[in-house]
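S.K.: One structure, as structure tokens, below. Some questions next.
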């Protein structure tokens, strides 16, 4: 038993070394010494408190958009629409933040976050509904939804809700009573991180311990059988899709309330897709989602530093992430086959 | 004619063959076999004895772990089906390998279409039609080359399967349970067809567990049990009962009788049930308390649709379904289950279990709706208690712990888990479809006993099965479905297998 | 007015061409049993390398070949995972799409020190079929489109021939429906899928070239803009039937064209930009509704 675990660990250490080697090759091709490049990445993500906190900050949208893929995926349905849901959620929070005031900061933040989740939920509703009613392929609809949502938000911040005092297409700032306070001077790190982490753990708990979670798991594993067992599989699929949308919308809300304080053009550098990669890499496991979000956030914040000190553009982080997903997928399959024999 | 009399050379010799799967399962633990030229050699054994695995190895679909195979006295390595075909081996599979959306001729030439292809890869369908048509004529089959397979009845699809194999002109033909899907009257014609093949000089390996058929056509018989060869015999040297006992390994009671717990009161009634576009037409029957009602019929005569209607998966257009005077016609499966109906589906992998989830998770399915297992959170203690009980009561073997996935269990143990789960409810009526397909004799007996026990307290069973032996051994009454209608009813002990099969095949109608 | 219709028509043809090409490619893997979600990435990598090779060699044909080669390589990677390793095709498809998206923009910045766009006068465009008869209708409605448009139309016929009349087509149709029957016939499923994937790579490669080397002559970040998924929608709606694929591709080309036209009108451009995506969902919906009715009446 023990030697088996040891063997597994050895194999995975070996796999990680291979991935690092492939990363090194990519960096070397782009004309940089891999070791110094890794150094810049590490320094720019963990080098000091400020860097470390911005890495944690980066985790917020990544973790939540990954979860937004994972929840429907447990029920056997794909949500590729995290990006659009995040944008709409962000807009929803901003809209509340600059237009109303409930009198208490706590209520304000709570209400804005609920609205952001609702906006995301609505954007998951129609693909989910079309899937369960007509079996319209949800991969295509959620993906198209991203483009539609992103142009729609662009329209909103360009026309009806544009802050005309600004040269850029963006909304007004939200009222300060909506801002989730920063925790440290000189860093944008705020309670959003703990809210996001909390949401991940809540869903971890739901999927493992709740009856509802049990029904989601069974539906994802064998819908025909689940139906025979009296589970309303279509409802489960739809609800899991809505939850996914809500979580992605919440990610947008947290970004607005905790960091940007307004909705703006290029609000998201593709968080939805980074989240998708994280979820694929974590095999839908919430705990792994947290760890891998950390690694991806490190790569993203670190590669900004890398670009500053070398000729390697920051886009390398996306490349390294995608390569990692491909290799880990292959390794997992190989190790499962080896493990079987 | 026995093998000695034939005195043919050995065409296939197998020595000490074993097959061990990555998960540790040993399908074959040492098999020896020698097949002589021009004979019909039957391989018999229980489900799971290793017959199909052995044949798949000979046909190059599976690689053996150890052991040797010789064809015409030369040791060979059959690494692919292509190699097997080159060596003159053809195999008719238990599960159809034909493609429903292609025509008969496309199916037949699949794999040898190169012979009809020009330089640009274009297929000459005209010559194919001629050639396949000739073969059909020669074999005196009632098929047309251009029929789409999907539209043919099962019996004819089987012929397409065989046609496809014979087309390649094999010298050795493996038939894996070819009669499983045929009705009794079709079986005789088919067996004549097999004898005809032998008369043309072909060697036939015939896999079956139907001893009557085996004794009708074989020259030699090899018995497999638990992945091992028990023995090889000339037909004259052994009797049917001896073979039966060798297969099972212990004396088996062939004289099972239905339980005697019937009461006068009617528990469940179906009245004038019809479904447009589906197989079911004006079906009416009722089940008394404590009764086991069997539904016989050849596959595809409405059993699947009847089951779907009774689960609530499809809503019927007219008619009523009543359990103890409660109308359930339009209710969902959840409501039906709550009223006291339990279901055993015909395909445990498809909709009876979630095989990649744990034993625990599978064991509490539907039970989880009960408050005992918690309102919001799942009550782990009660769940474990329930499933442990099922595992013990129904002798589910191979359970390392509750978290192991169901896929690690053997077919029979999966089925026992499923049956145990379904019977652990407050069951008034059990609707079971093919409850013992693909399980061994011991599991079958256990499952039948649990059905009988259910009737002791006045509960009933609706047993849909294509296994006539099963139906006759435990049903109090049998109704026959033919083309979606009930065409006959038999009452224990007036069961006549001949009569039954006449109704099943439509030779007789009410 | 008449000129406007002509422009709308020509743009429709131009925009439909890549969708048609990609959907033909994806239909091959669809028949082989793989719902191809990597077409987006295949088109994008080809769009990039078409521009690069055209820039470096000064030859549009070599540009196309370069794009196709890149697309084939990525298609092979996809097939290695999905068919060889039996990995989840959605997971691998999306990983590849994201990989290509980052890789192309990364290379744009490393190789050309551009920001998000790479253009240069040295990039040679794909030629049009440059024949003028003097008859307005023929010159504007039949001739003078991208060479690849005619190639695409020819490929539709070739595709039908391959699928329904050849050995490989027979294997392909069996491959998706009942792979075991192929194995029993001594044909390797992996081989059939491999060929499908190479052909799919070539076709998506052509589609990418048409996007970046005809009309615009440049590469810009994520310039495929979801067309790989539009092509997937075409395949799903048409169930891989060539005659329907050609019709639906042109329908989607028309929405693209309409979108371009509306961008210069009085409405906010975002609504014009949104149009093709909204319409692809609507068209899917209409077809699925029709299918559902059909199922109910049977």
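S.K.: Among the residues of segment B:303-327, what is the count of those that are within 14 Å of chain A (Cβ to nearest Cβ), part of a loop (DSSP other than H, G, I, E, B) and either surrounded by fewer than 18 Cβ atoms within 10 Å (Cβ to Cβ) or in contact with a strand residue (DSSP E or B) (Cβ under 6 Å, 6 or more places away or on another chain) (or both)?
M.R.: Qualifying residue count for the region: 2.
S.K.: Here are the criteria: (1) free of Cβ contacts under 8 Å to residues at least 24 places away in the same chain; (2) facing chain C (nearest Cβ under 10 Å); (3) under 23 Å from residue B:190 (Cα atoms). Tell me which single one residue B:137 does not satisfy.
M.R.: (2)
S.K.: Does residue B:292 qualify as being touching a helix residue (DSSP H, G or I) at 6+ places or on another chain (Cβ under 6 Å), at pLDDT 80 or above and more than 26 Å from residue B:476 (Cα to Cα)? Give the derivation first.
M.R.: Working: touching a helix residue (DSSP H, G or I) at 6+ places or on another chain (Cβ under 6 Å): yes; at pLDDT 80 or above: yes; more than 26 Å from residue B:476 (Cα to Cα): no.
Judged against the criteria, residue B:292 is not a match.
The rows are residues; the columns are (1) away from chain C (no Cβ under 14 Å); (2) at pLDDT 90 or above; (3) assigned to a loop (DSSP other than H, G, I, E, B); (4) within 26 Å of residue C:270 (Cβ to Cβ).
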residue: A:144; (1), (2), (3), (4): no, yes, no, yes
residue: A:155; (1), (2), (3), (4): no, yes, no, yes
residue: A:161; (1), (2), (3), (4): no, yes, yes, yes
residue: A:167; (1), (2), (3), (4): yes, no, yes, yes
residue: A:188; (1), (2), (3), (4): yes, no, yes, no
residue: A:197; (1), (2), (3), (4): yes, yes, no, no
residue: A:204; (1), (2), (3), (4): yes, yes, no, no
residue: A:214; (1), (2), (3), (4): yes, yes, no, no
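S.K.: Give just the number: which of (1) crowded, with 22+ Cβ neighbours inside 10 Å; (2) modelled with pLDDT under 90; (3) out of contact with any helix residue (DSSP H, G or I) (no Cβ under 7 Å at 6 or more places or on another chain); (4) within 10 Å of chain A (Cβ to nearest Cβ) does residue B:337 not satisfy?
M.R.: Residue B:337 satisfies every listed condition except (2).
S.K.: So which residues in segment C:59-74 are closer than 27 Å to residue A:69 by Cβ and away from chain A (no Cβ under 14 Å), if there are any at all? Walk me through it before giving the result.
M.R.: Keep residues of segment C:59-74 that are closer than 27 Å to residue A:69 by Cβ, which gives C:71, C:74.
If the condition is that a residue be closer than 27 Å to residue A:69 by Cβ and away from chain A (no Cβ under 14 Å), then C:71 is the only one that fits.
S.K.: Within the group B:488, B:445, B:432, which residue is outside the structural domain of residue B:380 (by TED's automatic domain parsing), in contact with a strand residue (DSSP E or B) (Cβ under 8 Å, 6 or more places away or on another chain) and more than 23 Å from residue B:336 (Cβ to Cβ)?
M.R.: Working: B:445 fails: in contact with a strand residue (DSSP E or B) (Cβ under 8 Å, 6 or more places away or on another chain); B:432 fails: more than 23 Å from residue B:336 (Cβ to Cβ).
Matching residue, one of B:488, B:445, B:432: B:488.
S.K.: Suppose we filter segment C:75-96 for residues that are in contact (Cβ under 8 Å) with a residue 12 or more places away in the chain, farther than 16 Å from residue C:232 by Cβ and more than 8 Å from chain A (Cβ to nearest Cβ); how many remain?
M.R.: From segment C:75-96, those in contact (Cβ under 8 Å) with a residue 12 or more places away in the chain are C:75-79, C:82-84, C:89-90, C:92-94, C:96; that's our starting set.
After this cut, where a residue has to be farther than 16 Å from residue C:232 by Cβ as well, the list is C:76-77, C:79, C:83-84.
Checking the rest, the ones that are also more than 8 Å from chain A (Cβ to nearest Cβ) come to C:76, C:79, C:83-84.
Here the count works out to 4.
S.K.: From the list C:236, C:199, which residue is within 19 Å of residue A:142 (Cα to Cα), within 15 Å of the chain's Cα centre (by Cα) and in contact (Cβ under 8 Å) with a residue 24 or more places away in the chain?
M.R.: Details: C:199 fails: within 19 Å of residue A:142 (Cα to Cα).
None of the other options fit; the residue is C:236.
S.K.: Given the condition surrounded by 15 or more Cβ atoms within 10 Å (Cβ to Cβ), away from every other protein chain (no Cβ under 14 Å), touching a residue at least 60 places away in the same chain (Cβ under 8 Å) and over 15 Å from residue C:223 (Cβ atoms), answer yes or no: does some residue in segment C:103-124 qualify?
M.R.: Going residue by residue through segment C:103-124, those that are surrounded by 15 or more Cβ atoms within 10 Å (Cβ to Cβ) are C:103-110, C:112, C:114, C:118-119, C:123-124.
Retained after the next criterion (residues that are away from every other protein chain (no Cβ under 14 Å)): C:119, C:123-124.
Still in the list and also touching a residue at least 60 places away in the same chain (Cβ under 8 Å): C:119, C:123-124.
Filter again for over 15 Å from residue C:223 (Cβ atoms), leaving C:124.
Yes: segment C:103-124 contains one or more residues that are surrounded by 15 or more Cβ atoms within 10 Å (Cβ to Cβ), away from every other protein chain (no Cβ under 14 Å), touching a residue at least 60 places away in the same chain (Cβ under 8 Å) and over 15 Å from residue C:223 (Cβ atoms).
S.K.: Residues to consider are B:85, B:128, B:89; find the one that is more than 10 Å from every other protein chain (Cβ to nearest Cβ), at pLDDT 85 or above, buried (at least 18 other Cβ atoms within 10 Å of the Cβ) and within 20 Å of residue B:200 (Cβ to Cβ). Walk me through how you get there before you give the answer.
M.R.: Working: B:85 fails: more than 10 Å from every other protein chain (Cβ to nearest Cβ); B:128 fails: within 20 Å of residue B:200 (Cβ to Cβ).
Answer to the check: B:89.
S.K.: Determine which single condition residue A:263 fails, assuming it passes every other condition in (1) surrounded by fewer than 24 Cβ atoms within 10 Å (Cβ to Cβ); (2) touching a strand residue (DSSP E or B) at 6+ places or on another chain (Cβ under 7 Å).
M.R.: In the conditions (1) surrounded by fewer than 24 Cβ atoms within 10 Å (Cβ to Cβ); (2) touching a strand residue (DSSP E or B) at 6+ places or on another chain (Cβ under 7 Å), residue A:263 misses (1) alone.
S.K.: Within segment B:465-510, can you find the residues that are buried (at least 21 other Cβ atoms within 10 Å of the Cβ), touching a helix residue (DSSP H, G or I) at 6+ places or on another chain (Cβ under 7 Å) and in a loop (DSSP other than H, G, I, E, B)?
M.R.: The one that is buried (at least 21 other Cβ atoms within 10 Å of the Cβ), touching a helix residue (DSSP H, G or I) at 6+ places or on another chain (Cβ under 7 Å) and in a loop (DSSP other than H, G, I, E, B): B:465.
S.K.: Residues being more than 7 Å from every other protein chain (Cβ to nearest Cβ) and surrounded by fewer than 19 Cβ atoms within 10 Å (Cβ to Cβ): count how many of those fall in segment B:97-118.
M.R.: Adding up the residues that qualify gives 5.
S.K.: OK, next. Suppose we keep only residues that are facing chain B (nearest Cβ under 8 Å) and part of a helix (DSSP H, G or I) within segment C:172-189. Which one would you say is nearest to residue B:120 (Cα to Cα)?
M.R.: Among those residues, the one meeting the criterion is C:173.
A quick yes/no check of all residues on (1) more than 8 Å from every other protein chain (Cβ to nearest Cβ); (2) modelled with pLDDT of 95 or more; (3) closer than 24 Å to residue C:95 by Cβ:
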{"residue": "A:239", "(1), (2), (3)": "yes, yes, no"}
{"residue": "A:258", "(1), (2), (3)": "yes, no, no"}
{"residue": "A:268", "(1), (2), (3)": "yes, no, yes"}
{"residue": "A:297", "(1), (2), (3)": "yes, yes, yes"}
{"residue": "A:323", "(1), (2), (3)": "no, no, yes"}
{"residue": "A:334", "(1), (2), (3)": "no, no, yes"}
{"residue": "A:339", "(1), (2), (3)": "yes, no, yes"}
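S.K.: Further question: When you look at residue A:273, is it at pLDDT below 95, out of contact with any strand residue (DSSP E or B) (no Cβ under 6 Å at 6 or more places or on another chain) and under 21 Å from residue A:79 (Cβ atoms), yes or no? Full working, then the answer.
M.R.: Values: at pLDDT below 95: yes; out of contact with any strand residue (DSSP E or B) (no Cβ under 6 Å at 6 or more places or on another chain): yes; under 21 Å from residue A:79 (Cβ atoms): yes.
When the stated conditions are applied, residue A:273 passes them.
S.K.: If you don't mind, there's one more thing I want to ask. Hey, can you tell me all the residues within segment A:16-60 that are surrounded by fewer than 21 Cβ atoms within 10 Å (Cβ to Cβ), within 14 Å of chain C (Cβ to nearest Cβ) and within 16 Å of residue A:295 (Cα to Cα)?
M.R.: The answer is A:19, and nothing else.
S.K.: Still on this structure, I have one more. Given A:6, A:113, A:88, which one is exposed (fewer than 15 other Cβ atoms within 10 Å of the Cβ) and over 30 Å from residue C:113 (Cβ atoms)? Spell out the reasoning first.
M.R.: Working: A:113 fails: exposed (fewer than 15 other Cβ atoms within 10 Å of the Cβ); A:88 fails: exposed (fewer than 15 other Cβ atoms within 10 Å of the Cβ).
It is A:6.
S.K.: Given the options B:358, B:407, name the one that is surrounded by fewer than 16 Cβ atoms within 10 Å (Cβ to Cβ) and within 12 Å of another protein chain (Cβ to nearest Cβ). Spell out the reasoning first.
M.R.: Values: B:358 fails: surrounded by fewer than 16 Cβ atoms within 10 Å (Cβ to Cβ).
Criteria check complete, one pass: B:407.
The values are calculated or read from the model by the stated rules, or taken from the named source; none is laboratory data. None of these values were measured; they are calculated from a predicted model. A quick note on method: Cβ atoms are made from the backbone with ideal geometry, for glycine too, and the neighbour counts reach across all protein chains shown.
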